[in-house]
Amino acid sequence: MSESTAMTTEYSMGLKADLSGQVAIVTGASQGLGRAIALALAANNATVACLARTESKLQSTVEAIREFGGNAEAFTGDVGDRQSVENAVDAIHEKFDKLDILVNNAGITRDTLLPRMSDDEWESVIQTNLSGAFYMTRAASRIMMRARYGRIINISSVSGLIGNAGQTNYSASKAGLIGMTRSLSRELAGRKVTVNAVAPGFIESEMTAILGDSIVDKVKERIPCKRLGDPADIGAAVLFLASPAASYITGQVITVDGGMIG
Ligand code: NAP
């Protein structure tokens with residue numbers, strides 16, 4: 001690890017792994033958890049392809065990584081659009097000639113109670129959160145299978161494990177990701193490709209900032225650790241699963257929620 005990146009293990013809560021020579025794709029890398037995951041991987045010497053729909057926001061993550069001497073590049077694409085995903089994965093593979101790590105992090109919410117939920121609110125969440133991970137994983141897994149090495153990490157949610165009123169679409173998409181993780185891990189283990197999921201609880205981010213202080217205080221009361229998670233908590237969990245130390249872990253869901261769901 002270079003001197004400049006050694007100073008950046010704060011991005012992975014002090015955890016260090018040697019990802020030198022490895023190429024990672026992080027979807028939804030422009031802000032929140034995806035940005036933290038991209039920083040954690042890059043701070044441990046992975047080259048990170050940052051993917052999202054908005055180029056300008058992606059550039060801020062890429063610049064933050066380059067500032068500490070890390071390697072990153074922005075790729076625009078919509079994970080919910082099959083052709084867009086195939087174009088992006090082809091462009092990334094062409095540019096770096098390998099692909100070791102895929103983090104399916106891009107996700108959206110369209111919360112409302114089910115009796116009021118429109119087709120669009122249902123379909124857009126499933127399309128982005130679940131079909132998006134499917135398109136990305138299908139394209140990436142072909143490359144990883146040929147290379148006989150890979151790490152696929154899906155960002156699920158505690159909502160996918162225990163459910164949440166007002167989030168039937170989101171919970172279904174996140175539970176679907178867990179089913180996908182468990183099944184695909186069985187398909188790919190023989191090729192040394194591991195497939196795991198991280199299920200965050202409440203993490204400080206743009207997604208939770210819209211909740212307002214009184215709701216956040218009530219949420220904190222339900223969390224044994226008495227705080228919201230930091231995006232770097234998720235970066236560290238992903239870094240561990242992406243690291244050589246996790247080569248015998250596959251088909252698992254790591255919950256990172258301060259003890260909230262028990
Ligand atoms: P966020 O702040 O809303 O960021 C979402 C990211 O995904 C952005 O970079 C966004 O960029 C990108 N994105 C959205 N739709 C996309 C699409 N169709 N194609 C490509 N990129 C897309 O979300 P977050 O809070 O960081 O959450 C990240 C992940 O963690 C999500 O899967 C979320 O469900 C999960 N999670 C979050 C929490 C939490 O407390 N924050 C808890 C549990 C799970 P563009 O809009 O520019 O595309």
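So, Asn71, is that one on the phi < 0 side of the Ramachandran plot and either at pLDDT below 95 or more than 9 Å from the ligand (Cβ to nearest atom) (or both) or not? When the stated conditions are applied, Asn71 passes them.
With respect to (1) under 19 Å from the mean Cα position of the chain (by Cα); (2) under 23 Å from Met144 (Cα atoms); (3) within 16 Å of the ligand (Cβ to nearest atom), the lone exception for Gln83 is condition (1).
Residues in region 241-252 that are open to solvent by less than 70 Å² (accessible area, probe 1.4 Å) and assigned to a helix (DSSP H, G or I): Leu241, Ala242, Ala246.
Here are Ala209, Ala175, Ala245, Ala199: which of them is among the hydrophobic types (A, V, I, L, M, F, W, C), within 16 Å of the ligand (Cβ to nearest atom) and closer than 19 Å to Ala40 by Cα? Please lay out each step first, then the result.
Numbers: Ala209 fails: closer than 19 Å to Ala40 by Cα; Ala175 fails: closer than 19 Å to Ala40 by Cα; Ala245 fails: within 16 Å of the ligand (Cβ to nearest atom).
Criteria check complete, one pass: Ala199.
Within region 103-110, is there a residue that is open to solvent by 30 Å² or more (accessible area, probe 1.4 Å) and either basic (Lys, Arg) or more than 11 Å from the ligand (Cβ to nearest atom) (or both)? Taking every residue of region 103-110 in turn, at least one turns out to be open to solvent by 30 Å² or more (accessible area, probe 1.4 Å) and either basic (Lys, Arg) or more than 11 Å from the ligand (Cβ to nearest atom) (or both).
In the set (1) more than 7 Å from the ligand (Cβ to nearest atom); (2) open to solvent by less than 20 Å² (accessible area, probe 1.4 Å); (3) of a type outside the set (Phe, Trp, Tyr); (4) touching a residue at least 40 places away in the same chain (Cβ under 8 Å), Ala52 fails one condition alone, (1). In the condition set (1) in a helix (DSSP H, G or I); (2) near the ligand (Cβ under 10 Å from one of its atoms); (3) open to solvent by less than 30 Å² (accessible area, probe 1.4 Å), Val238 is compliant with all but (2).
Taking region 103-207 as the region of interest, the helices (runs of 4 or more DSSP H) fully inside it that hold 3 or more residues being closer than 21 Å to Ile254 by Cα are 132-147, 158-162, 168-188.
Residue check: Glu10 meets all listed conditions (1) more than 9 Å from the ligand (Cβ to nearest atom); (2) modelled with pLDDT of 95 or more; (3) not in a strand (DSSP E or B) but one, namely (2).
Restricting attention to region 67-87, the residues being open to solvent by less than 40 Å² (accessible area, probe 1.4 Å), more than 10 Å from Ala49 (Cα to Cα) and not hydroxyl-bearing (Ser, Thr, Tyr) number 6. The set of residues in region 42-63 being farther than 18 Å from Leu99 by Cα and not in a helix (DSSP H, G or I) consists of Arg53, Thr54. Screening region 133-166 for residues that are more than 25 Å from Ser243 (Cβ to Cβ) and either within 9 Å of the ligand (Cβ to nearest atom) or open to solvent by less than 20 Å² (accessible area, probe 1.4 Å) (or both) and picking the one that is nearest to the chain's Cα centre (by Cα) gives Ser159.
The values are calculated or read from the model by the stated rules, or taken from the named source; none is laboratory data. What you are looking at is a predicted structure, and each value in this text was computed from that prediction instead of being measured. Virtual Cβ from ideal backbone geometry, glycine too; neighbours counted across all protein chains shown. Calculation scope for accessible area: heavy atoms of the full protein, side chains included, ligands and nucleic acids excluded. Shrake-Rupley method; radii C 1.70, N 1.55, O 1.52, S 1.80 Å.
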